[in-house]
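Rule-based calculations on the coordinates, nothing more; no lab input. Keep in mind the model is a prediction, meaning the values are calculated, not measured. Here the Cβ is made from the backbone with ideal geometry for all residues, glycine too, and neighbour counts use every protein chain on show.
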Amino acid sequence: MHSDKDNAQRRNRMAVLARSGTGRLRELWAALDLAPSYRVLRGPECGLVALRGRIGGSGEPFNVGEATVTRASVRLEDGSVGHAVALGRDMDKARIAALVDAVCHTSETATLVDARIIAPLQRELDAADETRRQETAATRVDFFTMVRGED
């Protein structure tokens with residue numbers, strides 16, 4: 001059974017993988033040179049998920065629409081199972097993310113993956129977010145009301 005800390009690390013790891021670009025993920029995965037033998041349990045396959053929203057964050061939920069996702073599940077030779085879901089139709093990204101999830105069932109490999117794949121991707125995502133924040137701030141307009149001096 002996994003601890004809350006393990007679950008939080010896995011949740012963070014999968015969130016970073018979901019936001020990353022396929023090319024960069026493929027590059028970092030290849031550089032790790034793990035290449036485990038695995039069997040595909042499910043997918044990669046594309047489907048739709050319903051998106052729900054709330055007015056003001058606290059109102060009644062309503063259906064916003066649907067989004068295309070790709071999911072994959074793999075089983076390594078040692079029995080470790082990995083799952084992944086990626087927004088869009090990127091089957092390669094979902095398969096690699098599922099492999100990353102599966103190999104991270106051992107703490108030694110998880111530490112290696114976190115250092116060589118997740119940390120660089122997180123830094124790149126943070127830098128892109130900061131750039132986007134700065135670009136948005138540069139175009140920000142502050143509106144104010146002037147009071148006329150009429151009696």
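The residue among ALA72, CYS46, ILE118 whose Cα reaches farthest toward the positive pole of the charge dipole of the stretch 4-131, with charges on the beta-carbon of Lys, Arg, Asp and Glu, is CYS46. Just checking the listed ones, ARG42, ARG52, ARG89: in the Gaussian network model of the chain with Cα springs under 10 Å, the one fluctuating most is ARG52.
Between THR106 and ASP33, the simple label model (points 7 Å from Cα in the Cβ direction) yields a spacing of 1.7 nm.
What's the FRET efficiency of THR22 with ALA138 using the Cβ-Cβ distance as r and R₀ = 25 Å, to the nearest 0.05? Write down the numbers at each step before the final one.
Working: r = 30 Å, r/R0 = 1.19.
E(calc), rounded to 0.05, equals 0.25.
Overall, the ratio between the Cα radius of gyration of the stretch 4-131 and 2.2 N^0.38 Å, rounded to two decimals, is 1.14.
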